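Report on the following structure.
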Amino acid sequence: MRSTRRDFITTAGAGVVAATLTGQIVPAEAAGVEKGRVVRVTSDELVNVKRDRPVVEVAQKVLDRAMQEYLGKSKAVDAWSSLFSDKDLVAIKINCLGKPKMSTTPEVVQAIIAGLKSAGVKEERIVVFDLFGSHMRMSRYHLKDNKKGISYIHNKMWGYEDEWRKHPWGKVKFTKILLKADKVISVPVVKDHAVSGVTGALKNMAFGTIVNPSHHHKNNCDPGIANIYNLDPIKTKVSLIVCDGAFIQYDGGPQSNPAARLPMNSLFVTRDPVALDKLIWEYVDELRKKKRKRPLARGRGKPVHIATAAGLGLGTDDRARIKLIEKKI
């Protein structure tokens, strides 16, 4: 009998527990990862410049096209249905650290929700979450733990697991939102970060789902980000990454910096967090070069965790192996 989303997880696979308790993490390809394949779809109409936010209807068209391209389906509903069903409890992990202007946008989240609903996922089985409630509110999300509809919640609302999970660089407790979910959609943004170099797919899940992210910021967050992403349940539950590239920020991150924020008018779809983060690094550095700023690798925040994640089998950072498929509508 399938657990409801209110049920607490009380058991775990013996193999997973043994691995996390001993802290012995070995390279292992994450579930569902198609190494190197990333789809980027762009529309000049995605961002309404006057309102300074995406247009929901355009976001839906852009995302559906990206899903079709990535999954090789002629219809968007078939693409969504190939990954999700009415039996899934789906958690959508947003990133609101760049509040108020450089967070995952509600409009892109609405497009994702529409896609899930087309696959038969009921609203009461969709949870949108992030680390801090205050950041979500500042990013135009209205918090509600909803029994009959979509929930918008932060980690503490469902609490954290009781036992620590060890990894070679420390220990963590995951939010029970992540533990209860059957599948996760990660929705990072395209932004620089003063410590880790970029805020992308890896950091969104690794630091946005644990109780103690501040304990893992040493050495440019390396190997903390990679080690945590490599733990269950992250690497086994992230079924899709939809990167919100409506805007890009090339300097001043992780906080919002309007002076370094520009429309990018793009959405990305992939299941390779490493390849995506490598591309984000490139996009940020391209703008930094145009604005006469040092490349990330020569600054205080270096994205060294990307290579570490590749070494753990979480994806590829080899640019020759990254297949970027670009479409414009």
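Here, each number is a calculation from the coordinates, and none is a lab measurement. Because the structure is a prediction, the values reported are computed rather than measured. All Cβ positions, even for glycine, are placed from backbone atoms using ideal geometry, and neighbour counts span all protein chains on display.
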Karplus (6.51, -1.76, 1.60) ³J(HN,Hα), θ = phi - 60°, over segment 125-130, in Hz, Gly and Pro reported as x: 10, 10, 10, 9, 8, 7
Neighbourhood net charge (14 Å Cβ-Cβ; Lys/Arg +1, Asp/Glu -1) for PRO168: +3
Before rounding to the nearest 500, sum -39500 (n - 2.57) across all DSSP H runs of length at least 4 in the chain and divide by the residue total; then give [θ] at 222 nm in deg cm²/dmol. -8500 deg cm²/dmol
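Over segment 45-187, what relative contact order in percent results from Cα pairs under 8 Å that are six or more residues apart?
24 percent
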Compactness check, segment 189-329: C-alpha Rg relative to the 2.2 N^0.38 Å globular estimate gives 0.99
What does the charge count around PRO303 come to, taking other residues whose C-beta lies under 11 Å from its C-beta (Lys +1, Arg +1, Asp -1, Glu -1)? -3
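Is there a pair in LYS93/LYS180; LYS73/LYS117; LYS35/LYS99 whose C-alpha atoms are over 20 Å apart, and which pairs would that be?
Details: LYS93/LYS180 13 Å; LYS73/LYS117 17 Å; LYS35/LYS99 31 Å.
Among LYS93/LYS180; LYS73/LYS117; LYS35/LYS99, the Cα-Cα distance tops 20 Å for LYS35/LYS99.
To the nearest 20 debye, what charge dipole does the chain have about its Cα centre, counting +1 at the Cβ of each Lys and Arg and -1 at the Cβ of each Asp and Glu? Walk me through the numbers on the way to the answer.
Numbers: 56 positive and 34 negative charges, 144 e Å.
Using only the charged Cβ atoms, the result is roughly 700 debye.
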Can you say what percent of the DSSP beta bridges in the chain, counting only those with both residues inside, are antiparallel? Round to 5. 50 percent
I'd like to know how segment 40-163 sits against the 2.2 N^0.38 Å rule of thumb: what's its Cα Rg over that expected value? 1.11
What Rg and what Dmax come out for segment 234-308 when only alpha-carbon atoms are used, in angstroms? 13.2, 40
First select every other residue whose beta carbon is under 10 angstrom from the beta carbon of TYR250; then total the charges, Lys and Arg +1, Asp and Glu -1. +3
Distribution output for the chain: share of Cα-Cα pairs per 10 Å bin in percent, first bin at 0, values 6, 28, 38, 23, 4, 0
